[in-house]
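Bear in mind that the values in this text are calculations on the coordinates, not laboratory data. Bear in mind the structure is a predicted one, so any value in this text is a computation, not a measurement. Cβ placement follows ideal geometry from the backbone for every residue including glycine, while neighbour counts extend to all protein chains displayed.
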Amino acid sequence: MPRPSRPETTDGLLLVDKPVGVSSHDVVAVARRALGTSRIGHAGTLDPFATGLLVLLVGRATRLLPHLAGEPKVYQATIRFGAETDTEDLLGAVVREAERPRRTEVHTALPRLIGTFEQVPPAYSAKRVAGRRAYDLARQGEPVELAPVPITVHRWQVGAVTESDGRVETMGVEITCGGGTYVRSLARDLGRYSGSAAHLTALRRTASGPFHVADAVSLDALQAGHGVVRPALDALPDLPRQPLSEDEIAKVVRGIDVAAVVEGPWGALIAPVTGALVALAERDRDRWRPRVVMHAA
């Protein structure tokens, strides 16, 4: 059987729909093999039990990672009430059980988890404690005390709810939040604030900033050589764009500033015919100063 053809490697954006049971790093490894390049970076990981959108940048476009618009993030999740686990998801051991809450108790608790507030990250997380990963300490049975960090949750939308004897068993939600938010810990705290206990049984990221999982390729398709690397310019969809003359391109690729014609603190400088991204530039009064150059001089 012939091997799948390898897509032409380009510098650009790759959106992948991560399946359950694999790590984000596994997905990056598949992308590296499929595209024939080791130069791939990601804009935020997902837990192995979670599914959904991973935003990857390939080749020279990896230098755009600090400039990506990654907020808000949108997640679909299922919360089960009555038990809290050490990992705050379905993979952990139950550490506390409590009577399931009534629907009114859950809805009364929800406003406490909207806005900007402090969240204690889960013990099984990549946060560092004295130079060590929290999950390494937790797996070794060592106590993990993580400092609360400020997060922002914009919105909860409650979906399907299952009940028994007038008490909530599971609740589907869509959560819109800022970066650094642990949805597992939101479920934990919703259980506690409802006078009960809770953990996540499913989690799916559907959006990250301007990027949506509907535009992502599956892992199977990527492994089969059908991953589509989009132009690097697609990684900066919200920036104003300024076409350059050939003389201006020659300057920009050497790091020389050019006149700013369009408005905005940052701009995407593009080639006039192909529309390819030449550089990401920062405004300095009436000039664009190249900060990330995509083409060599």
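Observations, loosely collected:
- The chain - charge dipole about Cα centre, Lys and Arg +1 at Cβ, Asp and Glu -1, debye rounded to 20: 500 debye
- To the nearest ten degrees, helix 183-193 and the longest principal axis of the Cα atoms of the chain are 30 degrees apart.
- Cut-off 15 Å, label 7 Å out along Cα→Cβ of Leu91, residues of the stretch 162-185 by amide N: 183-185
- Expressed as a fraction of 2.2 N^0.38 Å, the value expected for a compact globular protein of N residues, the C-alpha radius of gyration of the stretch 18-92 is 1.33.
- The Kirkwood radius of the chain, taken over pairs of alpha-carbon atoms, gives through the Stokes-Einstein law at 10 °C and 1.306 mPa s a diffusion coefficient of 74 µm² s⁻¹.
- For the stretch 178-274, alpha-carbon Rg and Dmax in angstrom: 21.6, 67
- Over the chain: helical MRE at 222 nm, DSSP H runs n ≥ 4 each giving -39500 (n - 2.57), nearest 500: -4500 deg cm²/dmol
- Principal-axis tilt of helix 24-35 within the chain, Cα atoms, nearest 10 degrees: 30 degrees
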